[in-house]
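Beneath this line is the structure, given in structure tokens, with notes to follow.
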Amino acid sequence: MSSPALLFQNLRWRLFRNALSVLLSQSWWRVATIAYSCALIWAFLFAVSWYGFHQLKTQPTWRIPLNGTLIEYLFDAFFFTLTILLIFSTGIILYSSLFASSETGFLLSTPIPDDQVFSYKFQGAVAFSSWAFVLLGSPLLLAYGLEVEGIAPWYYYAVVPLFFLGFLLIPGSIGALACLFIVNLLPRLRKQLLIGLIALVILGGIVWMVVWIRQARELGFGSRTWFESLLSEVGFLGGRLVPFHWVSRGIKYAAMRRPDLMAYNLGLVWSYGLFAYLVTVWLARKFYRRGYNRMASGGALRQRFGGHWLDRLLTWPLFFLDEQMRMLIVKDFRAFRRDPAQWAQILIFLGIGTFYFLLMRRFYEQDIGRSFKIGISILTLIATSFLMCAYTGRFIFPMLSLEGTKFWILGLLPLDRSRLMMGKFIFSVLGCLLAGEFLIVFSNLMLGMAWLVVVAHMLAVGLLAVGFSGLSVGLGAVLPNFRETDPSKIAVGFGGTVNLIAGLMLLGVVIITVAGPIQLLHARTPETAIPIAEIPWFVWVSLPIGILAGGLATWYPMRIGLRNLRAMEF
Amino acid sequence: MIELIHVSKQYGNKPAVKDLHLTIPKGELFAFLGPNGAGKTTTIKMMCGLLFPTFGAIRIAGFDLETHGEDARRRISYVPDTPFLYEKLTGREVLQFIADMYHMPKEHSARRIQQMIDLFTLQPFVDDLTQNYSHGMRQRTVFAAALLHEPEVLIVDEPTVGLDPRSIRLLKDVLRAETKRGATVFLSTHSLDIAQELSDRIGVIHQGRLIGCGTLDELRHSAELHGTLEEVFLKMTEEEQKPAPAATPEGAFAPA
């Protein structure tokens, strides 16, 4: 075998084949569950997209042609968002796989050229960061093809993956370039630079949102003019030199049976994608090893880490716990805050939350209808719950697995193993409760919802905070992955998928039984205040079901998790 | 074969290796000793091209590691203290991957793989995934992979940790055989008896500085002590560690 590219391709294939064969021989139902879950999510997204496109086309107030400019703007916004997210996720994944993985340490000591090692890791990072977007984007584009006027031709479905693949190279390359730039030029300030960049993106988004909502107020919220104005706001994204605009136009032309223009845009996407990739790999040949050296030797020989004001801040709300438990919680928090790949994602989570809740504040200033407000209020509850579910799945579930090979240290400590789980559980509940309850109270008050709705939402968030934490900590102990050191890979593995599905089911049950009936009641009654005596029977029946579901989701996984943890040998 | 030319390495402002000047000829087994944190692993990482010297240069078989890294690394095999193995590959697949990486012709690679399997007695587990290997099995596989392409320079960091006596014996035989073949072996170890038994020359590094280099007799002479390597090593590193005489208020040094 002469080419390193072929060598790596062969390696990847062997690794995949062996991993799959182990997985199938040990538990084929794990593979089946993952496949089933993906299919379920895909089907749901497809149904929502199809319905959405159908509404845009047929709703009398909208009647937007699906082969017009407005749809192009919509796709521009979609691919622009995708670009930003892919830049960040590829950059973060590459950072850890290029500079903190033992595999790259091994490969860099071999005669394989640096650019080949880089492209091997780059392809892995892009594939890993984009698979979720494939799951998200493919139902949307398939639904568009089926709903567009005259139904898209066969080659539309064949060419969409090609557009997507070519497009992935561009944000992936930008993320990789940013990663190389940060590591090579600013090794001592990389943490600050990363925070600054994320803050800048969030700030830019907030400014744009403020301007956009001010215009929406003038044009009438929800009107067609407003929608057109909204899409023209993202018109700047549709410049002739912007790559994701070529994707939007190419896909639209494919749907409109214009193969000549489709091929032109596909050519543009691929040529620029490959050019960006080549430039990145060329720069990696010059700067990757240099960056590796700077990362390894940029700081002090032995960096001193000590207490931090954030650790002390965390210990305050834990005053009711004993010293041992507090120390366990602070240990987890320290490990988390010292890993930039971890907290950078929290910042992204916070950014998304800020966008949403800023929008809420503006809705308050709008003269929007009561039914609209009620709808927004329940949507806010769902969004908050989704954020909590994603947070616990991504950050809390892998915590026990991350103890990994060091588990024996904790295992030999003179403390009951239940305290390990309780420490993580309290850490998770505290984070979820503080953020979730604040967001839900704040948004409901802004929307002027009745106190009963506020209480119901608070109860739902409380139950979900405790339930998600119980599920993530409990299932984290039932289905740990001690071999993996990357928390994001633990979160998307089998255990993480089971946890996500269980979390989403709990989310549905709690919202339907705890918040749903009150919301319905509030929508029915014209007044904002509902006396307790007038609360109908169905509310009193469904409420305990939700509370029971929340309690079960906490108690049962924790119980079986603890049983599993106690039986574990280290 | 290995030339370290006034090599210094700094982590930020802190020096890890100071002005290390050393030449190791072809076919020599050089033992590199030093207390924890003395700069052994930093030196080894520079010799493999993972780190660049802050000052100075390193040449392997005449190739400068910074300017002709690929040519230099083609001649090296590096066995770190915590070696990496692809968990989802079998031992045989790991060996095949290494053979392909070094562009070994198919027939030659098949023959060498079988030789390594026999030499390190990998046959009972070579077709199992490496994730199921014990420490000893992993270490034997890593050595088989390192020697597969017959490197001109073998750099080994703490190879005997966690190995049973039989494996240590095998390792010693293999290292000796490698030098007989003409390979240069750079062995970093805390095991002084292995260094004493195997090495042609010994280098002692302490606080980043090479404080002694030569045969055991030369080291004894330099330390003015006719004892075992352990005694010589302890005396040399102890002398280096002695605190500097306290300065008097006038700035002159008080007698110790």
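Figures for the structure shown
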read-out	value
Inter-centroid distance (Cα atoms) of region B:1-18 relative to region A:66-94, Å	47 Å
Value of D in µm² per second that Stokes-Einstein yields for region B:52-157, Kirkwood Rh from Cα pairs, at 4 °C (1.567 mPa s)	88 µm²/s
Rg/Rh (Cα only; Kirkwood hydrodynamic radius) as it applies to region A:379-445	1.13
Chain A, relative contact order [Cα under 8 Å, separation at least 6], %	15 percent
Accessible solvent surface per residue of the protein assembly as shown, calculated while the other protein chains remain in place, 1.4 angstrom probe, Å²	46 Å²
Spin-label pair B:ARG166/A:ASP260, simplified geometry with 7 Å Cα→Cβ offset, distance in nm	7.8 nm
Relative contact order [Cα under 8 Å, 6+ residues apart], chain B, whole percent	25 percent
About the Cα centre, charge dipole magnitude for region A:322-570 (Lys/Arg +1, Asp/Glu -1 at Cβ), debye	440 debye
Hull shadow area, averaged, the protein assembly as shown [alpha-carbon convex hull, nm²]	43.2 nm²
DSSP bridge orientation in the protein assembly as shown - percent antiparallel, rounded to nearest 5	55 percent
Of all accessible heavy-atom area on the protein assembly as shown, the percent that carbon and sulfur account for (1.4 Å)	65 percent
Pair B:GLU231, A:ALA199: separation of 7 Å Cα→Cβ label points (nm)	6.3 nm
Relative packing of A:532-542, A:477-487, A:261-271, which averages over residues the other C-beta atoms within 10 Å, highest first	A:477-487, A:261-271, A:532-542
Heavy-atom accessible area ranking, 1.4 Å probe, most first, across A:TYR144, A:TYR95	A:TYR95, A:TYR144
Chain B: radius of gyration and largest Cα-Cα distance (Dmax), Å	20.1, 76
Cα-based equivalent ellipsoid of region A:322-570: semi-axis lengths in Å, sorted from largest, via gyration tensor	36, 20, 14
A:PHE438 accessible area, 1.4 Å probe, all protein chains in place, Å² to nearest 10	130 Å²
Distance from region A:394-426 to region B:55-100 (C-alpha centre basis), Å	37 Å
Inter-label distance for A:LEU162 and A:GLN59, nm, one decimal - labels placed 7 Å from Cα along Cα-to-Cβ	3.5 nm
Ellipsoid equivalent to region A:465-570 - semi-axes via the Cα gyration tensor, in Å	38, 15, 8
Estimated vicinal HN-Hα couplings, Hz - region B:197-208 in sequence order (Karplus 6.51, -1.76, 1.60; Gly, Pro = x)	6, 9, 7, 7, 9, 10, x, 10, 10, 8, 6, x
Sum of -39500 (n - 2.57) over DSSP H runs of 4+, divided by residues of chain A (222 nm, nearest 500)	-27500 deg cm²/dmol
Gain upon complete extension [A:VAL210, A:ASP311; 0.36 nm per residue less C-alpha separation]	32.9 nm
Test item: B:46-57 mean partner chain Cβ contacts at 10 Å	3
Modelled FRET efficiency - R0 30 Å, A:GLU103 with A:PHE336, Cβ distances, 0.05 increments	0.80
Per-residue HN-Hα couplings for region A:484-501 [Karplus 6.51, -1.76, 1.60; θ = phi - 60°; Hz; x = Gly/Pro]	8, 9, 8, x, 5, 6, 5, 5, 9, x, 4, x, x, 5, 4, 4, 5, 5
Peptide B:92-99, shielding by other chains (average Cβ, 10 Å cutoff)	2
Relative contact order %, region A:322-570, counting alpha carbon pairs below 8 Å whose residues are six or more apart	28 percent
Cα-based radius of gyration of region A:1-112 once divided by 2.2 N^0.38 Å, which approximates compact folds	1.66
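The values are calculated or read from the model by the stated rules, or taken from the named source; none is laboratory data. Keep in mind that this is a model prediction, so the values were computed, not measured. Cβ: placed from backbone, ideal geometry, glycine included. Neighbour counts: every protein chain shown. Accessible surface is based on the protein model in full, side chains and every heavy atom, while ligands, DNA and RNA are left aside. Shrake-Rupley method; radii C 1.70, N 1.55, O 1.52, S 1.80 Å.
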